[in-house]
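Okay, here's the structure, questions in a sec.
Every number here is computed from the coordinates shown, using simple stated rules; none is lab data. Note that the structure is predicted; figures quoted are calculated from it, not measured. Methodologically, a virtual Cβ is constructed for each residue, glycine included, from the backbone with ideal geometry; neighbour enumeration extends over all protein chains shown.
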Amino acid sequence: MRLTDLPLRQPAYVDLIDWTSLPASDAQRLREFGLCEGASVEALHHGGLLGRGPIACRVGRMTIAMRRAHAAAVTVRTGPETLGSELGA
Amino acid sequence: MSALPLVALVGNPNAGKSALFNALTGARQKLGNYPGVTVERKAGRLSLADGRPLELVDLPGTYSLDPASPDEQVTRDVVMGRQAGEKRPDALVIVVDAANLDNHLRFALELIALGLPTIVALNMVDLATRDGLELDAAALSRELGVPVIATVAVRKRGLDHLRTEMEGLLNGAPSPYPAPASAPRDFEATRQEARRIARAGVIRETPSRRLTAAVDRVALHPLAGLALLLALLFVMFQAVYAWSEAPIAMIEGLAEAAATLVRDALPDGILRSFLVDGVINGVGSVVVFLPQILILFFFILMLEATGYMVRAAFLMDGIMAKVGLSGRAFIPLLSSFACAIPGIMATRTISDPKDRLTTILIAPLMTCSARLPVYAVIIGAFIPARDIGFGIGLQGFVLFCLYLAGIVGAMFVALILRLTVTKGASGSFLMEMPKYQWPRPQDVLLGLWQRAVIFLKRAGTIIFTSTVILWLLLSFPRVPEGDPASQVDHSIAGRVASGLNVVLEPIGFNRDISLALIPAMAAREVAVSALATVYSIDAGDDEAALEQSLGDRLKGQWPLPTALAFLAWFIFAPQCISTIAVTRRETNGWKWPLFMVGYLFALAYVAAGLTYWTATALGLA
């Protein structure tokens, strides 16, 4: 499932990130924010009155905001915690 | 450059770097600029335990040494010793957020790999504890190979320890820690190493108390959050009026007392006219707005320091995207309400060049504090102080509408620009949302103090000089004895203004306004001191007229449509040389500042004209 479709406040893990679909500088910034495959992620808020605004999500211990176009490049998986944290370690 | 040892504070944004800088240097700070770029250089003095001074410089926060914006570039260039006008630091203090080690240690590892003497300040450990995180600074020191010191900048905890370590570092004391194993180079390897070290430093981690999450449920809610933002902005603009009454009355009292003193002490003549009409009335009429400007800055500083500003950007991104901007532009634009210059400089955090250019071009449409004196004097004179219900004053409401008109104008202009001259792919919105925190009162006071000094310096230099020049141009040549013509009509300035008035008359401006607009090029608020000087000279020795306030005099001389047109002009008010200069610097040329001035003049003229014609047609008088 894409990060854009992840229900709010449901803990999940990053499965796959389509870095090539993002501008290089944005990809770099997202990496610096700690976004990587295996990172724990949780959608917190959807901005915008009509649901087309940015998404605020927790990645690791950090809360970051990104537009839906960027969130759509992130595939997430809900599942047992151990698998994800081992992958990310 | 000074010969003092130089220590640089460096770290991620939101690591509490500035709070640590303030705690270490107190009020002994110097604001400046790096040559060639408009990135602010913040430096301060610090005394070591042995009394030796050192210079501490606060570098712009960044996430890595791979810069995405001009200020991040300064950070990289300084730590690498490549920044013009700055020597390479003798030591680094890396500030990391204790609650976000995974991330911040990755950048710290990049910095440690540079090989400079380094200390890590494990900052905001209290907030980490609040979040259920217990850390082992000694274990982190061993893993990183540099001293790690737990600090709480806002409570001044750990500062002495930090100073002692700095002293040891500068004395070249050998490090008690083993040198770190060869630093990993590529991003992914560094990230994993940071994560491993962060794990090693955590003693205990329990599920956190989530105060920030609870507040954000309201603050980021599409409806409730937007309502909260609007309410905050509304309170801010009401407060600018309501809280400033008493201090303004005090400053006015002082100016009046000074004028009376001079009038009694000196014989009638040029010197007395210069001091009373030029200096006291001119400069005094601007200084009187210091309380309002400080109230505005107080709100902006609070919004930034508490972490709310980023939430506002998040809420606004949807709307901003519709006019082709990023929510990120909201922060420079809100700063522009204080002054367009820091606002335009703050656009450096916007990485997309076209987003950034558009934001720069519309920043002057945000009602800067220099326009406040103009609005305040006209509103005070022409808008009755009535209550329009719910405890809302009509004057505050009109002021709110003027601000709103600037915002709507800016959105409209942005939309047009993004479809024409700054056409391009839509940008992005990537931001870290820091935890909410209550700022230390001292930090807010220090910020206010720095703004007050800047404003008073402006009043003492630019405003003083332009007021004096205007007084000269208004006072000479003197009207011959017995000539019924007024001194203003006869003066050089009066004649120039009469010429200019040919262009401005159709939009309802009188000769005095034309006259005030010329020196207002130096700074917008000079329009007020200029009007004060004009009417002061015009009144001559007429005691009754001299005792009238500027507002009362305007009320007697201007029809209402003229006053409204004047307000409308100042929504767009293109005339501020400093803004033009900073735009030239930020855009590297004259093309964009000239474009900006051109479109602003056109809009100001049309808006003032429409207001005047409409008000006249409606029979307002």
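Kindly write out, for the range B:613-619 in residue order, the coupling ³J(HN,Hα) from the Karplus curve 6.51 cos²θ - 1.76 cosθ + 1.60 (θ = phi - 60°), rounded to whole Hz, with x marking Gly and Pro.
In residue order, the calculated couplings are 5, 5, 4, 5, 4, 7, x Hz.
Separate question: Per DSSP H run of n ≥ 4, the term is -39500 (n - 2.57); total these for the protein assembly as shown, divide by its residue number, and report the mean residue ellipticity at 222 nm rounded to 500 deg cm²/dmol. Could the numbers behind the result be given before it?
Values: 33 runs with 375 residues, N = 710.
It lands at -16000 deg cm²/dmol.
Mind listing the phi-derived Karplus ³J(HN,Hα) values for the range B:74-85, rounded to whole Hz, using 6.51, -1.76 and 1.60 with θ = phi - 60°, and x for any glycine or proline?
4, 4, 5, 5, 5, 5, 8, x, 10, 8, 4, x
Measure of size requested: the Rg and Dmax of the range A:3-88, with Cα atoms as the atom set and Å as the unit; please supply both.
12.0, 38
What percentages, rounded to whole numbers, describe P(r) for the range B:6-209 computed over all alpha carbon pairs with 10 Å bin width beginning at zero?
All Cα pairs considered, the percentages come to 9, 37, 38, 15, 1.
I need the trypsin sites (Lys or Arg not before Pro) found in the range B:340-449, filtered to DSSP loop residues with at most 16 other beta carbons within 10 Å of theirs. Don't skip to the answer; put the middle values down first.
Values: sites: B:ARG348, B:LYS354, B:ARG356, B:ARG371, B:ARG386, B:ARG418, B:LYS423, B:LYS435; in loops: B:ARG386, B:LYS423, B:LYS435.
When the trypsin sites (Lys or Arg not before Pro) of the range B:340-449 are filtered for loop state and at most 16 Cβ neighbours within 10 Å, B:ARG386, B:LYS423 remain.
How tilted is helix B:526-539 with respect to the longest principal axis of chain B? Cα atoms for both, answer in degrees (0 to 90, nearest 10).
30
Can you give me the C-alpha center-to-center distance between the range B:391-409 and the range A:1-33, rounded to a whole angstrom?
41
Starting from the eigenvalues of the Cα gyration tensor, five times each then square-rooted, give me the equivalent ellipsoid semi-axes of the protein assembly as shown, largest first, whole Å.
Values: eigenvalues 534, 175, 92 Å².
Calculated on Cα positions only, the semi-axes equal 52, 30, 21 Å.
In nanometres, what is the gap between the two model label sites at B:LEU394 and B:LEU448, each 7 Å from Cα along Cα-to-Cβ?
Those two pseudo-labels are separated by 3.2 nm.
Averaged across B:98-108, how many Cβ atoms of other chains sit within 10 Å of each residue's Cβ atom?
Values: counts 0, 2, 4, 2, 7, 7, 3, 0, 3, 1, 0.
Per residue, the average neighbour count from other chains is 3.
Here's a follow-up. DSSP loop (so not H, G, I, E, B), at most 10 other Cβ within 10 Å: list which chymotrypsin sites (Phe, Trp or Tyr not before Pro) in the range B:375-406 pass both filters.
Numbers: sites: B:TYR375, B:PHE382, B:PHE390, B:PHE397, B:PHE400, B:TYR403; in loops: B:PHE390.
Qualifying residues, ordered by number: B:PHE390.
Same structure again: If you take each beta carbon of peptide A:31-44 and count the beta carbons of other chains within 10 angstrom, what is the mean? Before the final figure, lay out each step's value.
On the way: counts 7, 13, 5, 10, 1, 5, 0, 0, 3, 0, 0, 1, 0, 6.
The mean count of partner-chain Cβ atoms within 10 Å per residue comes to 4.
Measure nothing but the geometry: give the 0 to 90° angle between the long axis through the Cα atoms of B:159-170 and the longest principal axis through the Cα atoms of chain B, rounded to 10°.
70
For the range B:475-523 and the range B:422-460, compute the distance between their C-alpha centroids and round to whole Å.
39
A further question on this structure: How would the range B:281-388 be classified by its alpha-carbon gyration tensor: rounded, prolate or oblate, with rounded meaning a/c under 1.5 and the a/b versus b/c comparison settling the rest?
prolate
Related question: Considering every residue in B:63-69, what mean count of other chain Cβ atoms within 10 Å of its Cβ is obtained? Display every interim value, and only then the final one.
Numbers: counts 6, 4, 0, 5, 1, 5, 1.
Neighbouring Cβ atoms belonging to other protein chains average 3 per residue here.
Among B:LYS30/B:LYS87; B:LYS42/B:LYS87; B:LYS17/B:LYS87; B:LYS322/B:LYS354; B:LYS87/B:LYS435, which pairs are too far apart, with a Cα-Cα distance over 25 Å?
Distance filter (> 25 Å) returns B:LYS87/B:LYS435.
Restricting attention to the range B:575-621, which chymotrypsin sites (Phe, Trp or Tyr not before Pro) occupy a DSSP loop and are surrounded by at most 16 other Cβ atoms within 10 Å?
Working: sites: B:TRP590, B:PHE595, B:TYR599, B:PHE601, B:TYR605, B:TYR612, B:TRP613; in loops: B:TRP590.
For chymotrypsin sites (Phe, Trp or Tyr not before Pro) across the range B:575-621 that sit outside H, G, I, E and B with at most 16 neighbouring Cβ atoms in 10 Å, the list reads B:TRP590.
Taking Cα atoms, how many degrees apart are the long axis of helix B:308-322 and the longest axis of chain B, rounded to 10 and kept between 0 and 90?
Long axis of B:308-322 versus the principal axis of chain B: about 70 degrees.
Beyond 43 Å, what share of the Cα-Cα pairs of chain B remains, rounded to the nearest whole percent? Each step should come with its number before you reach the end.
On the way: 58668 of 192510 pairs.
Summing the P(r) tail past 43 Å for chain B gives 30 percent.
Here is a further query. Just to compare against my own numbers: the Cα pair-distance distribution for the range B:58-158, 10 Å bins, whole % per bin, please.
15, 46, 31, 8, 0
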